[in-house]
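The values are calculated or read from the model by the stated rules, or taken from the named source; none is laboratory data. Since the model is a prediction, treat every value here as computed from it, not as a measurement. Note: ideal-geometry Cβ built from the backbone for every residue, glycine included; neighbour counts use all protein chains shown.
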Amino acid sequence: MLKNFSLTVFTFLLVSCSGDIESYKLLKYSDSNKKYQIDVIEREYNENDSLVFEKKNLTIFDSKNRIININNSQFYFYNIHNKLTDEKSIYRRGWKTNILRHTYIYDKDGKLRFETFQINSQIDTTGIYKYNNFNQLIEIKNPNLIKKFSYQEKKISEEIEIIDDEISKKSIFTYDLKDNKIIDNWICNVSQKMKTYFKYNSKNKLISKRDSCITVFGNPNEFVEYLDQYFYDKNDSIIEKKMFGRVLSEKEFKIRSKTRYLYKKTVF
C-alpha cells in the first residue's frame with residue numbers, strides 16, 4: 001500500500017517537473033529569438049463609460065516579424081518556409097504543469113494537411129484538410145465539426161458547417177471590387193436567418209460590422225441588430241472598438257460597450 005502510494009507521488013512529481021522543465025525551455029527559446037515586444041492594455045467600458053475590466057497582453061516577435069510568444073504561455077515555431085509547425089501552450093493546474101502541443105503537418109507543396117493535439121503522451125488528430133485541383137481548401141474535418149467551402153472567381157462563395165451529419169450553419173458571401181467580404185448571408189440551425197455587413201476604409205481595414213436578424217420572434221426586448229465600429233491609429237493598429245445594439249422595440253442603435261487599446265513597443 002505504502003509502496004504504491006510512494007510510486008504515485010513520484011510519478012506525479014516527475015510529470016509536473018518535466019512540465020516545468022519544458023516551460024523553462026520555451027521561455028528560453030523566446031528570449032533567445034526575440035527581436036521586439038508589443039504590450040497591449042485592453043480596457044472595456046460599459047454604456048456609461050465606466051471601466052468594467054482591464055487586461056494586459058504581450059506579444060513577442062522574432063527578427064522575421066513572426067509571433068513566437070504570447071503572454072509567456074503560448075509559443076510558436078516555424079519551418080524554413082515560415083509556415084507554423086508547432087504551437088506549445090503552458091497549462092498549469094494546482095502544482096501540475098502540462099505542455100499542450102498543436103502540430104501542423106504540410107505536404108510537399110506547402111499545403112496544410114493535418115493538425116494534431118498532444119497532451120503528455122496522448123496524440124489526437126484534430127484537423128484534416130482537403131483541397132481541390134486548383135489547390136483551394138474545400139474541407140476541414142474536425143472530430144465534432146466539418147466545414148466545406150465552395151468557390152467562385154477564386155473567392156470563397158459558400159461555407160457550410162456540419163455537425164452530426166446535419167447542416168448547422170450555411171453562409172453565402174458577397175465581395176466588393178477589392179475582394180473584401182462585404183456581406184455574409186447566413187442561416188443557423190435552419191430557423192435563424194442573419195445577415196452580416198462589413199465596411200472598410202481606403203486601406204481595406206475593417207471599420208464596421210453589422211449583424212442583422214432576418215428571423216425575429218416578436219419579443220420587444222430581443223436583440224435584432226448588433227453593430228461594431230473599429231478605429232485605428234496612424235500605424236493601422238486598432239485603438240478603439242465600439243459595440244452597439246438594437247432590440248426589436250427600438251429604432252436606433254444604442255451603445256452597449258466600448259474597448260480601448262494602448263500599445264507599447266520594446267526593441268531588444
Practice item. Evaluate the range 259-268: report whether one residue or more is touching a residue at least 40 places away in the same chain (Cβ under 8 Å), surrounded by fewer than 16 Cβ atoms within 10 Å (Cβ to Cβ) and of a type in the set (S, T, N, Q). Key: yes
Check your understanding: Within the bounds of the range 111-128, is there any residue that is over 23 Å from residue 198 (Cα atoms), crowded, with 16+ Cβ neighbours inside 10 Å and among the acidic types (Asp, Glu)?
Key -> yes
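Got a sec? Which of 153, 159, 139, 166 is under 20 Å from the mean Cα position of the chain (by Cα) and free of Cβ contacts under 8 Å to residues at least 12 places away in the same chain? If you could, list the steps in order and put the result at the bottom.
Numbers: 153 fails: under 20 Å from the mean Cα position of the chain (by Cα); 159 fails: free of Cβ contacts under 8 Å to residues at least 12 places away in the same chain; 166 fails: under 20 Å from the mean Cα position of the chain (by Cα).
Matching residue, one of 153, 159, 139, 166: 139.
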Practice item. Provide a single number: the residues in the range 235-268 that are modelled with pLDDT of 95 or more, charged (D, E, K, R) and in a loop (DSSP other than H, G, I, E, B). Key: 1
Revision key, fill the gap. For the range 196-217, the count of residues that are surrounded by fewer than 16 Cβ atoms within 10 Å (Cβ to Cβ), among the charged types (D, E, K, R) and within 22 Å of the chain's Cα centre (by Cα) equals 2
**Study point:** Of all residues making up the range 233-258, the number that are more than 12 Å from residue 223 (Cα to Cα), free of Cβ contacts under 8 Å to residues at least 40 places away in the same chain and among the polar types (S, T, N, Q)
**Key:** 2
Study note, to complete from the structure: Checked against (1) at pLDDT below 95; (2) outside any strand (DSSP E or B), residue 64 satisfies every condition except (1)
Exercise for review: Out of the residues in the range 172-195 that are closer than 15 Å to residue 155 by Cα and of a type in the set (Lys, Arg), state the one that is surrounded by the most Cβ atoms within 10 Å (Cβ to Cβ).
Suggested key: 181
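When the range 153-170 is examined, which residues are found to be out of contact with any Asp or Glu (no Cβ under 8 Å at 6 or more places or on another chain) and loosely packed, with under 14 Cβ neighbours inside 10 Å? Give the steps one after another, and end with the answer.
Applying the first criterion (out of contact with any Asp or Glu (no Cβ under 8 Å at 6 or more places or on another chain)) to the range 153-170 yields 153-154, 156-166.
Across the range 153-170, the qualifying residues are 153, 154, 163, 164, 165, 166.
Collect the residues in the range 43-82 that are basic (Lys, Arg) and within 17 Å of the chain's Cα centre (by Cα), keeping them in residue-number order.
Here is the first cut: in the range 43-82, the ones basic (Lys, Arg) are 43, 55-56, 64, 66.
Result: 66, single match.
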Check your understanding: Where in the range 105-159 are the strands (runs of 3 or more DSSP E), entirely inside, with at least 1 residues that are under 30 Å from residue 20 (Cα atoms) and charged (D, E, K, R)?
Key -> 112-119, 122-131
Review point. Name the residues in the range 74-103 that are under 29 Å from residue 230 (Cβ atoms) and surrounded by 15 or more Cβ atoms within 10 Å (Cβ to Cβ), would you?
Key: 74, 75, 76, 78, 84, 87, 89, 102
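Can you give me the number of residues within the range 182-234 that are among the hydroxyl-bearing types (Ser, Thr, Tyr), part of a loop (DSSP other than H, G, I, E, B) and at pLDDT 95 or above? I'd like the intermediate steps shown before the answer.
Going residue by residue through the range 182-234, those that are among the hydroxyl-bearing types (Ser, Thr, Tyr) are 191, 196-197, 200, 202, 208, 212, 215, 226, 230, 232.
Cutting the leftovers down to part of a loop (DSSP other than H, G, I, E, B) gives us 191, 202, 215.
Going one step further and asking which of them are at pLDDT 95 or above, we end up with 202.
Qualifying residue count for the region: 1.
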